[in-house]
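Okay, so here's the structure we're looking at.
The values are calculated or read from the model by the stated rules, or taken from the named source; none is laboratory data. Remember, predicted model here, so these are calculated numbers, not experimental data. Cβ: placed from backbone, ideal geometry, glycine included. Neighbour counts: every protein chain shown. Note: accessible area is taken over every heavy atom of the protein model, side chains too, but ligands, DNA and RNA are not part of it. Shrake-Rupley method; radii C 1.70, N 1.55, O 1.52, S 1.80 Å.
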Amino acid sequence: MIYFTGDTHGDLERIAQFCKENGLTEDDVMIILGDAGLNYHTDMRGKIMKKQYARVITCTLLCVHGNHEQNPEYMDSMKEKHWKGGTVFYEEEFPDFLYAKDGEIYDLDGKKTVALGGAYSIDKEYRLAYGGNWFPDEQMSPDVMKRCEDNLAAAGWEVHTVLSHTVPISAEPVEHFIRGIDQSKVDRTMEFWLESIKDRLVYKRWLAGHYHCEVRKCGNIQIWYESIRKF
């Protein structure tokens with residue numbers, strides 16, 4: 001079985017409990033729609049957390065790149081391998097914790113599924129001011145955007161499912177925005193680029209996280225948070 005859920009920010013207890021209650025194995029997959037948080041701490045703290053969760057999470061994780069974690073593409077500890085038709089990143093010590101490569105198209109239960117991770121951190125200044133981690137590669141670079149576009153063009157601009165962290169600009173859940181944030185200072189590079197992708201792409205559904213709410217926007221764009229659903 002394949003499941004998906006929203007941001008966990010390093011607290012994967014609900015996934016561990018779900019594995020226990022449903023008898024999941026490494027043949028089952030849990031997609032996290034960005035901000036899994038496993039790579040937020042890139043020192044020993046992160047390694048200790050991964051060891052703890054590796055003991056209780058019995059399924060395979062597929063983590064989309066979010067904005068509260070290091071982009072796996074630029075982590076020295078990551079290796080690449082072929083998985084379900086595309087490339088994923090992984091660490092040898094934690095082989096069942098997989099990280100989607102932006103622009104890769106995977107075959108998930110016969111559904112062509114593209115991963116388009118990344119977003120801007122509205123709490124960037126706060127994290128920098130108070131010693132938190134912030135990663136300058138949180139949004140896609142122009143080169144990675146082009147790679148994504150090239151891969152989608154090769155697929156005829158048609159997939160079944162899109163996995164992303166943020167959403168196209170037209171699907172932003174503005175009613176759930178955090179009050180007190182000056183939205184004029186928010187960099188929406190990713191949202192405008194995803195809008196350009198949406199306009200060209202034929203797809204059945206779009207699954208995203210990031211906003212800590214659960215709503216459906218623009219028909220088939222679904223934003224998820226704590227629920228765990230079948231893919």
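When the stretch 172-192 is examined, which residues are found to be modelled with pLDDT of 85 or more and either more than 22 Å from His9 (Cβ to Cβ) or exposed (fewer than 11 other Cβ atoms within 10 Å of the Cβ) (or both)? Val174, Glu175, Thr189, Phe192 - these are the residues of the stretch 172-192 that are modelled with pLDDT of 85 or more and either more than 22 Å from His9 (Cβ to Cβ) or exposed (fewer than 11 other Cβ atoms within 10 Å of the Cβ) (or both). Looking across the stretch 123-155, the residues that are of a type in the set (Gly, Ala, Ser) and at pLDDT 95 or above come down to Ser141, Ala153, Ala154, Ala155.
Is at least one residue of the stretch 62-73 of a type in the set (D, E, K, R), open to solvent by 30 Å² or more (accessible area, probe 1.4 Å) and within 27 Å of Ala16 (Cβ to Cβ)? Within the stretch 62-73, one or more residues are of a type in the set (D, E, K, R), open to solvent by 30 Å² or more (accessible area, probe 1.4 Å) and within 27 Å of Ala16 (Cβ to Cβ). Scanning the stretch 5-57 for residues that are in a loop (DSSP other than H, G, I, E, B) and not aromatic (Phe, Trp, Tyr) yields a count of 24. Within the stretch 139-166, restricting attention to residues that are closer than 23 Å to Asp109 by Cβ and of a type in the set (Val, Ile, Thr), the residue that is surrounded by the most Cβ atoms within 10 Å (Cβ to Cβ) is Val162.
Residues that are closer than 19 Å to Leu207 by Cβ and either without any contact (Cβ under 8 Å) to a residue 24 or more places away in the chain or of a type in the set (A, V, I, L, M) (or both) within the stretch 120-166 comprise Met140, Leu152, Ala155, Val159, Val162, Leu163, listed in sequence order. In summary, Ile197 fulfils each of the numbered conditions (1) open to solvent by less than 40 Å² (accessible area, probe 1.4 Å); (2) out of contact with any Asp or Glu (no Cβ under 8 Å at 6 or more places or on another chain); (3) hydrophobic (A, V, I, L, M, F, W, C); (4) not in a loop (DSSP other than H, G, I, E, B) with the single exception of condition (2).
For first residues located in the stretch 170-182 and over 18 Å from Trp193 (Cβ atoms), partners that are among the small types (Gly, Ala, Ser) and outside any helix (DSSP H, G or I) and lie 6+ apart or on another chain with Cβ distances below 6 Å do not occur.
State the number of residues belonging to the stretch 180-226 that are among the polar types (S, T, N, Q) and under 15 Å from the mean Cα position of the chain (by Cα).
Restricting attention to the stretch 180-226, the residues satisfying the condition of being among the polar types (S, T, N, Q) are 183-184, 189, 196, 220, 222.
If we keep only those that are under 15 Å from the mean Cα position of the chain (by Cα) as well, we get 222.
Final tally of qualifying residues: 1.
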